[in-house]
Structures are given as C-alpha cells and as structure tokens.
Amino acid sequence: MVFDSHCHLTDEAFAGEVGAVLARARAAGVRGVVTIAADASDARRALTLARGHPDVWASAGIHPHVAGAAGPQDLKAIRELLSDPKVVAVGETGLDYHYDNSPRGLQQECFAWHLERAAEFGKPAVVHSREADADTAALIAAGHGAPGILHCFSGGAELLRAGLDAGWYISFAGPVTFKRFAAAELLRAVPDDRLLVETDSPYLAPVPYRGKRNEPALLRHTCEAVAQLRGVALAELLAQVECNARACYGLPPA
C-alpha cells in the first residue's frame, strides 16, 4: 500500500479516463492521491474531482510557469479555496529558471505569497524548483515557518539542506529509475520521516514505462527503486512513505 503525494489528474492527458485511472491505482495498492493544481481554474477542477472520491485530495496554487499571468482575482480565488478541507496543500508554486516562462521577479513574488498562505493555513507549499536552487533556498529560509514539500527533487545539496532545515518533506519521482539518476547520495540523506514518493503523472513515467503516459498505478516502480537505493525492504518503504504523506497533508492514518 502506498500514497501518491503528487499527480495531475486534471491534466488533459487523463480527459475522460479519471475513473479508470483511479481504479487501476486502487488495484495497484495506491490508497490515496493528491492532485496538484497549476492555476486557479485548475484548482477548482481539482477540488471538484477530490470531492467525488474519498481517497483523492487537491491543492490550490499558481505554477511558476504562469506566475506572470496571475492577477489579484486569481490569488483571491486560491486563498478562498484553501479554506476547503479537501484542499490540503498550497501550490504548485516555486521557481523555474530553465524555461523562464514567467519573469523571475514575478515568480519570486508569487512563490513568497504562496509561502505566506502555507504559513497562514498550516498547509504545505508544494514547491517546484528547476535550476533555481539558491533563490529557492533563500525564499524557504525567509518563509515564516511555512510547511512545505520539495517535489520531484532534482536539486543539489544546498537546496536539500534548506528544505530539511525548514522541516520540509522531500519527494522523489520517476527519474530515480533512470540510468542517469545522479542524486542517490542525496536521496539516502533524507531522513526516513521526511521522505515522500510521487508520480507527477502524467509526466515522468518510471522505467520500464519511460516515455509513455504516467499514472498513479505505476508508483510502485518508483518505490522499488527508492527502496533499493536506500537499502531498505520495499514493504518498509511503502509503509513509511504512506505514513509521511498523511502526516504531511494532515490526513488521518490509513
């Protein structure tokens, strides 16, 4: 049994198939998923989906790719959605200096706003960071004690330390199964009670499905790789990461 801490069930890749996707996930032992939003409209869709399934929860936030287009009404909508008990996280937020789809200054302002909301609501900020380790670390340190998750971790030791020093969770996804995965030492450095796993589906499918559409039912492949890299039994790893996900998102034990 395991928990997919980060997926995107409202993505158009799953259009018309969410019921079947969740059925396959449950059959594969996935006992909960959090579907992550990219903007205010997506957050509304995610919440509607979550309300229809007892084992699905949602987030509300503005992805750094669209931070430059977010206006006051979008932020107002996100803040209102965060009051719903089915919305368990703030984001996806963060910084992306690889694509730079939004000006970096606006990304930083939007990220800081999300960290303020995470502290206000006591719900973790789900943080995307790509080629922005130093600025992400600095904003985490200035984040007023906000809880958070470094999702699909691909950063370096500086960013990992910033996250752990803030008491955050560190999540790993399909790239841990790739031959060129280069962060095994950092993966092993994450304390047991701070570790999460995710699919980030429909993206980043693990080997042997790399290049195909990912979905929560494939999470076990990522878990097997994480367990092997950390030198623990798979059953132990599965139990630990489910417990961690529920603690992180403020959910009752399974």
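Determine whether Thr136 is in a helix (DSSP H, G or I), among the polar types (S, T, N, Q), in contact (Cβ under 8 Å) with a residue 24 or more places away in the chain and closer than 25 Å to Asn101 by Cβ. Taking the combined requirement at face value, the residue satisfies it.
Scan segment 64-113 for residues that are touching a His at 6+ places or on another chain (Cβ under 7 Å) and either in contact (Cβ under 8 Å) with a residue 40 or more places away in the chain or of a type outside the set (S, T, N, Q) (or both) and report the count.
We begin by selecting, within segment 64-113, every residue touching a His at 6+ places or on another chain (Cβ under 7 Å); these are 64, 90-94, 96, 99, 101-102.
With either in contact (Cβ under 8 Å) with a residue 40 or more places away in the chain or of a type outside the set (S, T, N, Q) (or both) added as a condition, the list becomes 64, 90-92, 94, 96, 99.
Adding up the residues that qualify gives 7.
Which one is modelled with the highest pLDDT among residues in segment 181-199 that are out of contact with any helix residue (DSSP H, G or I) (no Cβ under 6 Å at 6 or more places or on another chain) and small (Gly, Ala, Ser)? Selected residue: Ala189.
Rundown of residues vs (1) more than 20 Å from Ser154 (Cβ to Cβ); (2) surrounded by fewer than 24 Cβ atoms within 10 Å (Cβ to Cβ), yes/no style:
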| residue | (1), (2) |
| --- | --- |
| Ala40 | yes, yes |
| Ala69 | yes, yes |
| Gln73 | yes, yes |
| Ile78 | yes, no |
| Tyr99 | no, yes |
| Arg104 | no, yes |
| Glu109 | yes, yes |
| Glu120 | yes, yes |
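Might you let me know whether segment 96-119 holds any residue that is assigned to a loop (DSSP other than H, G, I, E, B) and either modelled with pLDDT under 95 or closer than 24 Å to Asp193 by Cβ (or both)?
no
Only one residue in Gly156, Gly167 is of a type outside the set (A, V, I, L, M) and at positive phi. Which one? Step through it out loud before you land on a result.
Working: Gly156 fails: at positive phi.
None of the other options fit; the residue is Gly167.
Summed over segment 149-172, the residues that are touching a helix residue (DSSP H, G or I) at 6+ places or on another chain (Cβ under 6 Å), assigned to a loop (DSSP other than H, G, I, E, B) and either within 18 Å of Val226 (Cα to Cα) or not small (Gly, Ala, Ser) (or both) give a count of 2.
Selection of segment 6-38 for residues being surrounded by fewer than 21 Cβ atoms within 10 Å (Cβ to Cβ) and either modelled with pLDDT under 95 or touching a strand residue (DSSP E or B) at 6+ places or on another chain (Cβ under 7 Å) (or both) yields Gly29, Arg31. With Pro202, Pro206, Pro175 as the choices, which residue is modelled with pLDDT of 95 or more, not polar (S, T, N, Q) and not in a loop (DSSP other than H, G, I, E, B)? Answer to the selection: Pro175.
Listed residues Arg194, Arg188, Arg210; which is closer than 25 Å to Ala20 by Cβ and touching a Gly at 6+ places or on another chain (Cβ under 9 Å)?
Numbers: Arg194 fails: closer than 25 Å to Ala20 by Cβ; Arg188 fails: closer than 25 Å to Ala20 by Cβ.
When all the criteria are applied, what remains is Arg210.
Hey, can you tell me all the residues within segment 50-84 that are under 18 Å from the mean Cα position of the chain (by Cα) and over 26 Å from Arg130 (Cβ atoms)? Across segment 50-84, the qualifying residues are Ala50, Asp55, Val56.
Screening Thr35 with (1) in contact (Cβ under 8 Å) with a residue 60 or more places away in the chain; (2) within 14 Å of the chain's Cα centre (by Cα) gives one miss only, at (1).
The values are calculated or read from the model by the stated rules, or taken from the named source; none is laboratory data. Owing to the predicted nature of the structure, the values given are computational and were not obtained by experimental measurement. All Cβ positions, even for glycine, are placed from backbone atoms using ideal geometry, and neighbour counts span all protein chains on display.
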